[in-house]
1. Scanning the range 2-33 for residues that are farther than 23 Å from VAL295 by Cβ and at pLDDT 95 or above, which turns out surrounded by the most Cβ atoms within 10 Å (Cβ to Cβ)?
2. Tell me whether the range 64-76 contains one or more residues that are assigned to a strand (DSSP E or B), touching an Asp or Glu at 6+ places or on another chain (Cβ under 6 Å) and surrounded by fewer than 23 Cβ atoms within 10 Å (Cβ to Cβ).
3. Step by step: first the residues of the range 355-378, then only those that are open to solvent by 60 Å² or more (accessible area, probe 1.4 Å) and hydrophobic (A, V, I, L, M, F, W, C), then the one that is farthest from ALA320 (Cα to Cα). Which residue is that?
4. I'm told VAL36 meets every condition in (1) in a loop (DSSP other than H, G, I, E, B); (2) in contact (Cβ under 8 Å) with a residue 40 or more places away in the chain; (3) open to solvent by 60 Å² or more (accessible area, probe 1.4 Å) except one. Can you identify the failing condition by its number?
5. Any residue in the range 327-339 that's under 14 Å from VAL93 (Cβ atoms): show its pairings with residues that are among the hydroxyl-bearing types (Ser, Thr, Tyr) and open to solvent by less than 50 Å² (accessible area, probe 1.4 Å) at Cβ separation under 7 Å, as long as the two are six or more apart or on different chains.
6. Can you tell me which residue within the range 297-327, out of those that are closer than 17 Å to LEU21 by Cα and assigned to a loop (DSSP other than H, G, I, E, B), is most open to solvent (accessible area, probe 1.4 Å)?
7. Given VAL127, VAL143, VAL159, VAL123, which one is in contact with a Leu (Cβ under 7 Å, 6 or more places away or on another chain) and modelled with pLDDT of 95 or more?
8. Of the residues ARG279, ARG219, ARG253, which single one is among the charged types (D, E, K, R), out of contact with any Gly (no Cβ under 9 Å at 6 or more places or on another chain), surrounded by 20 or more Cβ atoms within 10 Å (Cβ to Cβ) and closer than 26 Å to ALA370 by Cα?
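The values are calculated or read from the model by the stated rules, or taken from the named source; none is laboratory data. Just so it is clear, the model here is predicted, and its values are computed rather than measured. Here the Cβ positions follow ideal geometry from the backbone for every residue, glycine too, while neighbour counts run over all protein chains shown. Ligands, DNA and RNA are excluded from the accessible area calculation, which covers all protein heavy atoms including side chains. Shrake-Rupley method; radii C 1.70, N 1.55, O 1.52, S 1.80 Å.
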Amino acid sequence: MRAPTRTDPARTGAVLTGRVLEPADFVADTAAFVDVRIERSRGKVSYSFVGPGVSQNADQHVSISEPHGFNVGAATMPHGVYNNAHLHYTPEVFVCTRGNWRVDIGRRREQAVHLTPGAVLSVPPWVFRGFENTGCDDGFLFVVLGGDDTGGILWAPEVLREAAETGLYLRRDNTLIEAGNGAVPQDRIQPLSDSQLACVDAYSDAELAQRVVTGDQRRWSAHGLLSSVLGPQHAVELAPVIGFGLCQDRLSRPPIRTPHGFGLEWLRASPGTSTGLHRHDDSQVVLLLDGDWEVALNEPDQQGSERPAAGSLVSIPASAWRDLRNVGATAAHAVVITGGDGPSRVEWSGAVLAEATAAGFGLDAAGYVAPLELLGSGL
């Protein structure tokens, strides 16, 4: 089987130190945006896990600052609290893990998308969006943003005016200004006019519906990885959602195919199963949503591993060997975010390749699982 062309020398001795964020490590930011003092928005909490995201707080805490080609954060807020209309310049993806949410599209909430646990929504750039927690007080949304530099955000003009009444403004560098004694900062961002906003994009209800993938809409592939041909010990499944990430099933199709700068897939592992040892040259973040996961790095003679708590986030170094294992007694689920618009060229360990060959399977020239008897010589 032909190995993928590598862009970096093989990494050995990769470590997870500083790359595992458990829920107990999450650092909340209650002053990330200009609207936090508006009455309907009091209680908003934001998190910056990988990259700075679009926070406007100059004192924000970024847990992992290494560029990944995308940003990962989160939002949570009590029932009924609202995140006001704003616009992004790169794709924004919501992964709902707890509670019920309504995401409004349009400056004046012209359209709405409802999210329940397990749903993924890709909000396109250049449309206004806002969202409200319509469920339990501990609702939680992971948020993935395209690009290392997202370009910040653009607020609806009425939001800036309301924020000004509370004494908060935005500087032209998109950071917050605290104005005292009724002073109006000279270097503030001015609210835009209706005519200036006339070029903002719009999507039909049908187009927005195509950007939502709920739990019962996932299409699981039992042959998403080469290791899946090796028997029950590697019976993990992939369900692509956005773009072309790791999946090596040539018949699998992601429901959302527009370029995001990253791919997003669900990973499901039965008790006692693992992905098998593999690596690729793309950045990767794994959201360990439930179950008992073990994340192992490096080849067996140098291998180290951690067992993060459910709900944790793990950044895996590009080019490092890795194996994701379910060490619990119940099925485990994760969301895998892989940098680039893919597909990633996955390289498998010699042991996996040898077992796959013995089972009569390999990878074709495009990197998809196929019977060896149908592949040309030299593959």
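1. PHE33
2. Our first condition is that a residue be assigned to a strand (DSSP E or B); within the range 64-76, this holds for 64, 70-76.
If we keep only those that are touching an Asp or Glu at 6+ places or on another chain (Cβ under 6 Å) as well, we get none.
The answer is no; no qualifying residue exists.
3. Per the stated criteria, the residue is LEU374.
4. The number of the failed condition is (3).
5. The qualifying pairs are THR338/SER344; GLY339/SER283.
6. ARG307
7. Unique residue meeting the criteria: VAL127.
8. ARG279
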